[in-house]
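The values are calculated or read from the model by the stated rules, or taken from the named source; none is laboratory data. All figures in this text were calculated on a predicted structure; none of them were measured in a lab. Heads up, the Cβs are rebuilt from the backbone with ideal geometry, glycines too, and the neighbour counts pull from every protein chain shown. Note: accessible area is taken over every heavy atom of the protein model, side chains too, but ligands, DNA and RNA are not part of it. Shrake-Rupley method; radii C 1.70, N 1.55, O 1.52, S 1.80 Å.
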Amino acid sequence: ASADAGAAVPVADLTAVLMRGLGAAATRPLGLAVSGGGDSMAMLHLAVRAGIAVRVATVDHGLRPGSRVEAEAVARRCAGLGVPQAILTWQGWDGRGNLQARARAARRALLGDWAQREGLAAVALAHTSDDLAETLLMRLARGAGVDGLAAMAAEWQEGGVTFLRPLLAASRAGLRDYLAGIGADWIEDPSNAADRFDRVRARRALAALAPLGLGAPVLAEVAQHLGQARQQ
């Protein structure tokens, strides 16, 4: 069952969200970054069911036991769907700096190199409206201005590759409801429960703020409004 009783979204609506977010990229071979979590697994199934020609990459940061097993589980799921999949391994963590920031940068670099090797013009990442809200809270805590508080980019260029976030209008709960409805499973990353990470603390803060009307949907909308204001 969903954590948010109002989050269930009809499959047709989620497919429409995905297609709008992809735009012209849906008509060409497309790269998908799939970790095995609920968001990216839903993106994979939605894309395959929509008839998009996709290739999948799974980044194994090698930062905790079991990460390789999870990447190989994604490979098996992709094989079952007839989708080519590659496991990209990061070995660059030296124990210094902000781990999550370094891992994100490494992930994009690995995905960009993979996309160029595969001849893919674009790579889709499965961030949701919940990620928008969590990012807004984290940046608020750092005293960010309008530029910092504005919504995560839905599209940007990096290293000659277009990166897309086509599911920013979908909720995390809605995507998991979709997976449950088609009988598909996903992997829960244990780091999602680790309080040492800012995003996990932001996620819990959102749950506490929801009774005040400041849950993820509202804060995601605020982030979108700030993004529009920045562009004016």
Worksheet, complete the sentence: Of (1) under 16 Å from residue 165 (Cβ atoms); (2) surrounded by 19 or more Cβ atoms within 10 Å (Cβ to Cβ), residue 107 satisfies every one except (2)
Worksheet entry | Residue pairs meeting the criteria (Cβ under 6 Å; at least 6 apart or on separate chains; first over 14 Å from residue 45 (Cα atoms), in the stretch 161-175; second open to solvent by 10 Å² or more (accessible area, probe 1.4 Å) and among the basic types (Lys, Arg)) | none
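Here is a yes/no grid of residues against (1) out of contact with any Pro (no Cβ under 7 Å at 6 or more places or on another chain); (2) surrounded by 18 or more Cβ atoms within 10 Å (Cβ to Cβ); (3) modelled with pLDDT of 95 or more:
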position	(1), (2), (3)
9	yes, yes, no
21	no, yes, yes
25	yes, yes, yes
29	yes, no, yes
34	yes, yes, yes
39	yes, yes, yes
42	yes, yes, yes
47	yes, yes, yes
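Results for (1) in a loop (DSSP other than H, G, I, E, B); (2) touching a Pro at 6+ places or on another chain (Cβ under 6 Å); (3) at pLDDT 90 or above, shown as yes or no for each residue.
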position: 88; (1), (2), (3): no, no, yes
position: 94; (1), (2), (3): yes, no, no
position: 106; (1), (2), (3): no, no, no
position: 109; (1), (2), (3): no, no, yes
position: 112; (1), (2), (3): no, no, yes
position: 116; (1), (2), (3): no, no, yes
position: 133; (1), (2), (3): no, no, no
position: 138; (1), (2), (3): no, no, no
position: 147; (1), (2), (3): no, no, no
Discussion item. Tell me yes or no: at least one residue of the stretch 58-66 is open to solvent by 40 Å² or more (accessible area, probe 1.4 Å) and either touching a Leu at 6+ places or on another chain (Cβ under 7 Å) or among the β-branched types (Val, Ile, Thr) (or both).
Written reply: no
Worksheet item: Within the stretch 71-92, is there a residue that is surrounded by fewer than 15 Cβ atoms within 10 Å (Cβ to Cβ) and farther than 21 Å from residue 187 by Cα?
Response: yes
